[in-house]
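Have a look at the structure below before the remarks.
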Amino acid sequence: KITILNPLDETVIDFVPTTSFGSTTTTWTLVSKQQQKQQQFQKIPDKNDGFVDPTSISLLWQPVDLQYPSLRLALGLHIHNAQIQHVFPALDLFYGDGDHRNRGLNTVPRAHTWLSMTSKENVSVDVVSLMSSFQMMMATRNFKKGETQWTIQANSMPIKEALETAIYALVEDPPSTLGQGSHFLHVPLQNDDHEVLLECPKVGQEVRVELHGPQKMEHSTGILQIKVHAAQAGSKSDHLPKAYEPLFQNPKYQRKEYAAFQKKKDRRMQKEKKDASRRLKERKEAEL
């Protein structure tokens, strides 16, 4: 379930089942085009496009045959009928210039604790101005080794620019479909107009991303927390949806160690097959 908090005092406003956001809820990424100085809405493919639903509030799967993707911290927004309802920490995981954000099941993490952006709980507060002072941090620990202490990977990343960018883009030129129903929007954070790429957590690590207020505030925390697990090699799956073939069959994205292991395995199997054929031939000749 999703927990909704008041950004002023962290009191719980509501609980929302994750099933409330079904196949009709689309996730978008707001991509910055530096040369044109424009923002572009890119849809993360889903069931309606021949893919699977990639979202999860607890897991991140890493196929063993793929390289680790690039990672950016992002501001997540829940939009309903063209209005921003909630904000939360998000991760933008992709290859190249923003390709393959949907890499299969459990490859698009979703925060489990959101902050309300509506003013009905705080009628005298400018919620947008308040949220502009919020920051984001990311930490990791190795759950396979039983680590209990978190190691900070990124700290004090301001969300003000990302929030303002999202508001402007939603007013200026949003996709027409954003005007109806629920949608999610991920806006990658920038530092001095430059995108900040972070090292993708490895299999066996737990990741925690927090969206919190200024240091003087002890509350107001949006939380994303997931564990990274290895997943089956898509390139060897007999049930791989056709939509994923450009990803799993492209050598550019294949993990070198896995490719070398697979070649060695194939050579061994070919040798075993030849040896078995030779022994069978020798046995038949001996019987004669």
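Packing here is the average count of other Cβ atoms within 10 Å per residue, and on that basis the peptides 276-284, 195-203, 38-46, 12-20, highest first, run 38-46, 195-203, 12-20, 276-284.
For the chain, compute Rg over Rh where Rg is the Cα radius of gyration and Rh is the Kirkwood radius from the inverse mean 1/r over Cα pairs. Please report the intermediate quantities before stating the final value.
Working: Rg = 23.1 Å, Rh = 20.9 Å.
Ratio of gyration radius to Kirkwood radius: 1.10.
Backbone amide hydrogens, once placed in the peptide plane, bring Gln62 within less than 5 Å of His229, Ala230, Ala231, excluding anything fewer than 5 places away on its chain.
Atom-type composition of the exposed protein surface of segment 25-88 places 45 percent of the accessible area on carbon and sulfur (1.4 angstrom probe). The amide H of Gly181, built 1.01 Å from its N in the peptide plane, has Asn81 as neighbours under 5 Å, considering only residues 5 or more places off or on other chains.
Here the 3J(HN,Hα) profile of segment 150-167, calculated from phi with Karplus coefficients 6.51, -1.76 and 1.60 at θ = phi - 60°, is 8, 10, 5, 9, 8, 9, 6, 8, x, 9, 3, 5, 5, 5, 5, 4, 5, 4 Hz, Gly and Pro shown as x. Structure note, pairs Lys236/Lys264; Lys144/Lys236; Lys145/Lys202: Cα-Cα distances above 19 angstrom occur for Lys144/Lys236. The alpha-carbon of Lys43 sits under 21 angstrom from the alpha-carbons of these lysines, leaving out residues fewer than 8 places away in its chain: Lys33, Lys242.
With every protein chain kept in place and ligands, DNA and RNA left out, what is the accessible area per residue of the chain? Probe 1.4 Å, answer in Å². Mind dumping the intermediate values first?
Numbers: 15920 Å² over 288 residues.
With the other protein chains kept in place, the chain gives 55 Å² per residue.
The phi-based Karplus calculation (6.51 cos²θ - 1.76 cosθ + 1.60; θ = phi - 60°) puts the 3J(HN,Hα) values of segment 76-83 at x, 10, 9, 10, 10, 6, 6, 10 Hz, whole numbers, x for Gly and Pro. For His86, nonlocal amide neighbours, meaning residues 5 or more places apart or on other chains whose placed amide H falls under 5 Å from its own, are His78, Met117. The angle between the Cα long axis of helix 256-287 and the main principal axis of the chain comes to about 20°, on a 0 to 90 degree scale. Here is how the number arises for the chain: DSSP H runs of 4 or more residues each give -39500 (n - 2.57), the sum is divided by the residue count, and the result at 222 nm is -6000 deg cm²/dmol.
The values are calculated or read from the model by the stated rules, or taken from the named source; none is laboratory data. Since the model is a prediction, treat every value here as computed from it, not as a measurement. FYI the Cβ positions are ideal-geometry reconstructions off the backbone, even for glycines, and counts take in every protein chain you see. Accessible surface is based on the protein model in full, side chains and every heavy atom, while ligands, DNA and RNA are left aside. Shrake-Rupley method; radii C 1.70, N 1.55, O 1.52, S 1.80 Å.
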